[in-house]
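Shown next, in structure tokens, is the structure this report addresses.
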Amino acid sequence: MEAVAHQGSRTPLEFGGPLGAAALMLLLPATVFHLLLVARSGPARLLGPPPCLPGLGALWSPQALLLWLAWLGLQVALYFLPARKVAEGLELKDKSRLQYPINGFQALVLTALLLGLGVSAGLPLGALPEMLLPLAFAVTLTAFLFSLLLYLKALVAPVSALAPGGNSGNPIYDFFMGRELNPRICFLDLKYFFELRPGLIGWVLINLALLVQEAERRGSPSLAMCLVNGFQLLYVADALWHEEAILTTMDITHDGLGFMLVFGDVAWVPFTYSLQAQFLLHHPQTLGLPMASFICFIKAIGYYIFRSANSQKNTFRKNPSDPSVAGLETISTATGRQLLVSGWWGWVRHPNYLGDIIMALAWSLTCGTSHLLPYFYVLYFTALLVHREARDEQHCLQKYGLAWAKYCRQVPYRILPCIY
Ligand SMILES: NC(=O)C1=CN([C@@H]2O[C@H](COP(=O)(O)OP(=O)(O)OC[C@H]3O[C@@H](n4cnc5c(N)ncnc54)[C@H](OP(=O)(O)O)[C@@H]3O)[C@@H](O)[C@H]2O)C=CC1
Ligand SMILES: CC(C)CCC[C@@H](C)[C@H]1CC=C2C3=C(CC[C@@]21C)[C@@]1(C)CC[C@H](O)C(C)(C)[C@@H]1CC3
């Protein structure tokens, strides 16, 4: 325990410390419920009060809890199916490397097949939107419970298994940040699983159910709804296709699994990232072909930047002599690793974030410009990535020291060329 306290005392507290963590634990679920309620209300005002607060009867439903647990069970089962590859994570403090099944895309395809079978056997997919509120409530409750179990599990974990950031000794802060770096139940890596499976695939499912309900109500789905569904399906499929790349992100290599990530993965992602489709169901928008083409063009630019930048870095990290990256300019660092200073990573320090934000804008534009609500995602996401960039900058400065400072001088802009 002494070693843990010592470790905590060296790591600066993030998110405003225990007070900030406590506030976020109230604010994040409140935001999810606010958005769910406002999206279905007539005025759909992002900044106004919700039309009416639901009673416990509207929130609590044993069927919703069962549905969520069944979904979780299905995704766990798919995780254990034979994988096309087993990847190794980065080296851990005890010099070991964990193994991860690369079968997320397969899980998405199998989920779609099972869903197709279910729908043809009479499964009422179009009824799911009516259950979003009780579903979000059940998922939030289980996120609190699950984070508590993780906190308790970490009490008996060896010091080498703890995350650098979530062991301050303050229970509220540590519960929020997560204490253990890679909590596992046998081969089931909980962080890896939660980040990519139930919430991300659940988001696509919710979108599809909203599309089906729109078609039931109006005879056919709108162009705007089809575009949102297509764009976001592409985003999720891309994430699962490139699943292995997640093993080097800060969530996996640095952050513990606590309330922030558990709630973020299973509640925040499916219920707030599907906001545009929720909005469109209740506030139909007519999208002409010229505007739709313009939005597709923006999405294509965003995706091109996002995918090329991420792939360039991943290829370079895996094999710097790969012909596609071998000609790029680099800076050597004391760790033996190199930093790219030309190509996408010589343009700005986070070209992938820029592509991601442009895609987010395309998703929101499908909902027209009459309401601010569908733009919540762009606003939140920009704030998340600016904050994430600052955190990553800290880690890189620690890791690469002078070489990182040189990189920042050579590539002065963080996300938006000439501006930020
Ligand atoms: N939809 C969503 O809600 C979210 C999406 N994302 C997306 O996830 C993706 C991954 O994001 P994230 O993990 O935050 O960050 P990055 O993919 O940008 O990874 C940052 C890491 O890349 C390496 N790196 C940085 N600069 C260079 C360089 N010049 N040359 C070589 N390596 C470099 C460093 O790690 P090292 O040197 O150790 O390899 C650094 O820590 C992004 O596309 C982002 O937009 C992220 C968060 C939320
Ligand atoms: C609830 C809080 C506001 C913060 C929660 C943050 C989480 C929602 C995000 C932290 C990092 C994420 C990533 C993705 C989804 C959102 C969370 C979990 C990601 C899986 C989305 C798809 C991308 O292609 C990716 C690169 C695989 C993303 C990885 C990070």
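Let me know the charge dipole size of region 287-420 about its Cα centre in debye, to the nearest 20, where only the beta-carbon of Lys, Arg (+1) and Asp, Glu (-1) is charged. Intermediate results must be reported in sequence, preceding the final value.
Details: 13 positive and 6 negative charges, 62 e Å.
That gives region 287-420 a dipole magnitude of about 300 debye.
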On Cα atoms only, tilt of 198-218 relative to the major axis of the chain in degrees: 20 degrees
Dipole axis of the chain (+1 Lys, Arg; -1 Asp, Glu on Cβ), positive-most option in 18, 282, 335: 335
Whole-percent pair-distance distribution, where bins are 10 Å wide, for the alpha carbons of region 175-218: 23, 32, 22, 15, 8
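Stokes-Einstein at 10 °C, 1.306 mPa s, Kirkwood radius from Cα pairs: D for region 74-161 in µm² s⁻¹? Before the final figure, lay out each step's value.
Numbers: Rh = 16.7 Å.
Once the numbers are plugged in, D ends up at 95 µm²/s.
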Those lysines that a straight Cα-Cα span of less than 30 Å connects to residue 399, excepting residues fewer than 8 apart in one chain: 85, 93, 95, 153, 191, 313, 318
Solvent exposure of region 341-420 as accessible area per residue, Å², 1.4 Å probe: 44 Å²
Label-reachable residues, region 327-341, where backbone N falls under 18 Å from a point 7 Å from residue 307's Cα toward its Cβ: none
Three-way shape label, region 308-373, alpha-carbon gyration tensor, a/c 1.5: prolate
Farthest toward positive dipole pole in region 287-420 [+1 Lys/Arg, -1 Asp/Glu at C-beta], among 308, 362, 390: 390
Helix axis angle, 132-155 relative to the chain longest principal axis, alpha carbon, degrees: 30 degrees
Tail weight of P(r) past 30 Å, computed on alpha-carbon pairs of the chain, percent: 45 percent
Tilt relative to the chain, helix 62-79 - C-alpha long axis, 0 to 90 degrees, to 10: 40 degrees
Per-selection metrics, region 104-218 (Cα): Rg and Dmax in Å: 18.3, 58
Carbon plus sulfur fraction of accessible area for the chain, probe 1.4 Å, in percent: 69 percent
Shape parameters for region 338-405, alpha-carbon atoms, Rg then Dmax in Å: 15.4, 48
Additional length obtainable on full extension of the chain from residue 315 to residue 61, 0.36 nm per residue less Cα span: 86.7 nm
Amide proton proximity set for residue 87, modelled H, under 5 Å, gap of 5+: 100, 102
Rounded to the nearest 20 debye, dipole of region 203-267 from Cβ charges on Lys, Arg, Asp, Glu: 400 debye
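Taking square-rooted eigenvalues a ≥ b ≥ c of the alpha carbon gyration tensor, is region 376-420 rounded, prolate or oblate, where a/c under 1.5 means rounded and, failing that, a/b exceeding b/c means prolate?
Values: a/c = 5.58, a/b = 1.67, b/c = 3.33.
Note, shape of region 376-420 comes out oblate.
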Inter-probe distance in nm under a simple model that places probes 7 Å from Cα toward Cβ, at residue 395 and residue 69: 3.5 nm
Partner aspartates and glutamates for residue 299 [C-alpha distance under 15 Å; skip if fewer than 8 residues away on the same chain]: 238, 356
Reciprocal mean inverse distance between Cα atoms of region 216-261 - Kirkwood radius, Å: 13.5 Å
Viscosity 1.306 mPa s, temperature 10 °C, Stokes-Einstein D of region 287-420 from Kirkwood C-alpha radius, µm²/s: 98 µm²/s
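So if I place +1 on the C-beta of Lys and Arg and -1 on the C-beta of Asp and Glu, and nothing else carries charge, what would the dipole magnitude of region 320-395 be about its Cα centre? I want it in debye, nearest 20.
Values: 4 positive and 6 negative charges, 25 e Å.
For region 320-395, the charge dipole is close to 120 debye.
The values are calculated or read from the model by the stated rules, or taken from the named source; none is laboratory data. Values in this document were obtained by computation on a predicted structure and should not be read as measured data. All Cβ positions, even for glycine, are placed from backbone atoms using ideal geometry, and neighbour counts span all protein chains on display. Note: areas computed on protein heavy atoms with side chains; ligands, DNA, RNA excluded. Shrake-Rupley method; radii C 1.70, N 1.55, O 1.52, S 1.80 Å.
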